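Structure record follows, encoded as structure tokens.
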Amino acid sequence: MELEQVICTRRSVRKYLDKPVEREKINACLEAARLAPSACNSQPWEFIVMDDPTVKEMFCQEAFSGVYKMSAWAAKAPVLVAAVADKGNFKSRVGNFVRRTEFYLVDHGIACEHFILRAWDQGLGTCWIGWLNVDKAGQFFHLPGQKKIEHLIAVGYPDETPDPRPRQPFEKMVSYNEYQK
């Protein structure tokens, strides 16, 4: 698929076929994420792939309990990928402080978007999930204190074709050489 087509047609998929996803395809997505740029080349990401149904079920019972139950649909995805963040190296943490911007989160977003676009290119649907109990999710995997599961990516072969979501007009979001409201 051409990049423009990938960008224009990718949708958040929440219904998946009951079909396993080949690890080769997941690994291609992870490689795309690995190649993403990051502030000071800190590469503040790690990924935990859950493709074992038992592990995934136990994880989902923790991560989607209580007020996070509305994300429980993700337990039906053949694969869940936990995106683990680290606050980055010393130089990027100094930049975070000076700019009052958490650059590691920006870096994380870029890496995960690389993952998601590569998945769509291979015929896989994904959905970025931020509504989960990150404390219980981290405890499930015994993550050290400086690591945090920022979000999950549900992955599988789509069993739905969501309509495009409305987007604001191009002219409303772009101005050249001056800010125009």
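The values are calculated or read from the model by the stated rules, or taken from the named source; none is laboratory data. Worth saying up front: this structure is predicted, and the values here are computed from it rather than measured. Heads up, the Cβs are rebuilt from the backbone with ideal geometry, glycines too, and the neighbour counts pull from every protein chain shown.
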- line: In the set V67, V49, the lone residue that is under 15 Å from the mean Cα position of the chain (by Cα) and either of a type in the set (V, I, T) or on the phi > 0 side of the Ramachandran plot (or both) is V49
statement: Among residues of segment 91-116 being under 26 Å from M70 (Cβ atoms) and not small (G, A, S), the residue modelled with the lowest pLDDT is E102
- prompt: How about segment 149-166: which of its residues are crowded, with 16+ Cβ neighbours inside 10 Å and either without any contact (Cβ under 8 Å) to a residue 12 or more places away in the chain or closer than 21 Å to M70 by Cβ (or both)?
  reply: I149, E150, H151, L152, I153, A154, V155, G156, P158
statement: Filtering segment 40-80 down to residues that are of a type in the set (A, V, I, L, M) and surrounded by 13 or more Cβ atoms within 10 Å (Cβ to Cβ) yields I48, V49, M50, V55, M58, A63, A72, A74, A75, A77, V79, L80
Answer from L132, L124 - the residue that is closer than 23 Å to E57 by Cα, in contact with a Leu (Cβ under 9 Å, 6 or more places away or on another chain), among the hydrophobic types (A, V, I, L, M, F, W, C) and crowded, with 18+ Cβ neighbours inside 10 Å: L132
- prompt: What about D107, is it in contact with a strand residue (DSSP E or B) (Cβ under 9 Å, 6 or more places away or on another chain), among the acidic types (D, E) and crowded, with 19+ Cβ neighbours inside 10 Å?
  reply: yes
message: Among the residues that make up segment 67-90, is at least one of them under 15 Å from G138 (Cβ atoms), modelled with pLDDT of 95 or more and part of a helix (DSSP H, G or I)?
response: yes
- prompt: Taking only pairs six or more apart or across chains, which ones have beta-carbon atoms under 7 Å, a first residue in segment 97-112 that is closer than 14 Å to I149 by Cβ, and a second residue that is part of a helix (DSSP H, G or I) and modelled with pLDDT under 90?
  reply: Y104/S92
- prompt: Identify, please: which residue in segment 1-54 is part of a loop (DSSP other than H, G, I, E, B) and among the small types (G, A, S) and is, among those, farthest from G125 (Cα to Cα)?
  reply: S42
message: Show the residue pairs meeting these rules: Cβ distance below 9 Å; 6+ apart or different chains; first residue within segment 44-63 and in contact (Cβ under 8 Å) with a residue 12 or more places away in the chain; second residue charged (D, E, K, R) and surrounded by 22 or more Cβ atoms within 10 Å (Cβ to Cβ).
response: P44/D107; W45/D107
message: For segment 1-60: of the residues being among the small types (G, A, S) and farther than 13 Å from A77 by Cα, which is modelled with the lowest pLDDT?
response: A39
